[in-house]
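The structure appears below as structure tokens.
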Amino acid sequence: MADKNKDSGLHTTYQWLEAAARDLDITEEVLKPLVPLLLDLTSDVAHGPARPAAPLTAFLVGVAAGRHTSSTTSPAGRLTDERAGEFIDETKRAIGIIDDLLERYEGGSDKKDS
């Protein structure tokens, strides 16, 4: 039974993401390869440093990827199809940076002394 609920929740998640992406004018080409990576990232942050930091970290990853691909948008602000791959690569790069930070955090080198 638990697996069925989990599958149902994942289905709802994808429905929500598809609707949000559509309304934000983000193509499936950009969304689809990043969903599993971002879910893993937010899970790691939520179970590591702090649960509330998970969505904010995902936001930071998006800002970083967007900043490095800001010249890839059309005049209307849309990510051009031919540059979507660059945005995906920048997002993966930003996730890698956060993954490295998580490893250091778990090792204690980035924790603040209480």
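General remarks:
- Some residue of the range 5-27 being basic (Lys, Arg), out of contact with any strand residue (DSSP E or B) (no Cβ under 7 Å at 6 or more places or on another chain), modelled with pLDDT under 90 and over 21 Å from Lys92 (Cβ atoms): yes
Okay, residues lined up against (1) under 12 Å from the mean Cα position of the chain (by Cα); (2) among the hydrophobic types (A, V, I, L, M, F, W, C); (3) surrounded by 11 or more Cβ atoms within 10 Å (Cβ to Cβ):
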{"residue": "Leu10", "(1), (2), (3)": "no, yes, yes"}
{"residue": "Leu17", "(1), (2), (3)": "yes, yes, yes"}
{"residue": "Leu24", "(1), (2), (3)": "no, yes, no"}
{"residue": "Pro36", "(1), (2), (3)": "yes, no, no"}
{"residue": "Leu39", "(1), (2), (3)": "yes, yes, yes"}
{"residue": "Pro49", "(1), (2), (3)": "no, no, yes"}
{"residue": "Ala54", "(1), (2), (3)": "yes, yes, yes"}
{"residue": "Thr57", "(1), (2), (3)": "yes, no, yes"}
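- If the condition is being assigned to a loop (DSSP other than H, G, I, E, B), modelled with pLDDT under 90 and small (Gly, Ala, Ser), then the range 49-93 contributes Ser74, Ala76, Gly77.
The values are calculated or read from the model by the stated rules, or taken from the named source; none is laboratory data. Nothing here was measured: the structure is a model prediction, and the numbers come from that model. As a convention, Cβ positions derive from the backbone with ideal geometry for all residues, glycine included, and neighbour counts pool all protein chains shown.
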